[in-house]
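The values are calculated or read from the model by the stated rules, or taken from the named source; none is laboratory data. Note that the structure is a prediction, hence the values are computed from the model and not measured. Cβ atoms come from the backbone with ideal geometry, glycine included; neighbour counts cover every protein chain shown. Each accessible area value is taken on the protein alone, full model and side chains, heavy atoms only, with ligands, DNA and RNA left out. Shrake-Rupley method; radii C 1.70, N 1.55, O 1.52, S 1.80 Å.
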Amino acid sequence: MQVINAENTMDALWKMLAPLQDEIPLYKHTVDESQTDLPQSYILLRSDISDSPEIFGDGKALLRRAECDIMLISKTTGETSDDIHNLNIAKVKALLNASDAAYNGYNLGYNETLKESQYTWTVRFVYGSE
């Protein structure tokens, strides 16, 4: 399981995904753009799905274990392998695998009402600051 030097779960999650920020727009918790200004594909980060003590020292938690969601949302059906949604899924998976991240992936498919496809990873890691 990955150990990240960070003060909080969002900082840890951001550090984990920072290499993708030039290729896929990243948003923390909420998207602050209007529907018409949204990029075709983007990542929404949700921290603190769970956050619990992991390693103690001198009576306090020195490191914490967290679960967070990485949500890839694309304005496409994701039907073909060269679709931007599927290309970005591959980029995120490659980054998570290269960083030895522990995760579960969920293909939520295409939502006809919202006209978007979604893939979500629940990522588990340990974090704390030195």
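Farthest toward the dipole's positive end in region 1-92, which of 56, 86, 2, given Cβ charges of +1 (Lys, Arg) and -1 (Asp, Glu) about the Cα centre?
Among 56, 86, 2, the one farthest towards the positive end of the dipole of region 1-92 is 56.
Placing +1 at every Lys and Arg Cβ and -1 at every Asp and Glu Cβ, with all other atoms neutral, what dipole size does region 41-97 have around its Cα centre, in debye to the nearest 20?
In debye, rounded to 20, region 41-97 gives about 100.
Can you give the three extents of the C-alpha atoms in the chain along their principal axes, from longest to shortest, in whole Å?
Result, largest extent first: 52, 29, 25 Å.
Where the accessible area of the chain is counted over protein heavy atoms with a 1.4 Å probe, how much of it, in %, is carbon and sulfur?
Answer for the chain: carbon and sulfur cover 47 percent of the accessible area.
For the chain, what is the accessible area per residue in Å² when the probe is 1.4 Å?
Using a 1.4 Å probe on heavy atoms only, each residue of the chain averages 55 Å².
Dipole magnitude of region 1-114 about its Cα centre, charges +1 at Lys/Arg Cβ and -1 at Asp/Glu Cβ only, in debye to the nearest 20?
260
For region 82-130, state what percent of all Cα-Cα pairs lands in each successive 5 Å bin, counting from 0 Å until the bin that includes the largest distance.
For region 82-130, the pair-distance distribution reads 5, 17, 23, 22, 14, 9, 6, 3, 1, 0.
What ranking, highest mean first, results for peptides 45-51, 112-118 when packing means the other Cβ atoms within 10 Å averaged over each residue?
45-51, 112-118
Please report the antiparallel percentage of the DSSP beta bridges confined to the chain, to the nearest 5.
Bridges in the chain that DSSP calls antiparallel: roughly 85 percent.
What's the ranking of 99-107, 68-76 by average number of surrounding C-beta atoms within 10 Å, highest first?
Descending mean neighbour count gives 68-76, 99-107.
Normalised by the residues of the chain, what does the relative contact order come to in percent, with Cα pairs under 8 Å and at least six apart?
31
Can you give the FRET efficiency for residue 58 and residue 29, using 1/(1 + (r/R0)^6), R0 = 41 Å, r = Cβ-Cβ distance, to the nearest 0.05?
0.80
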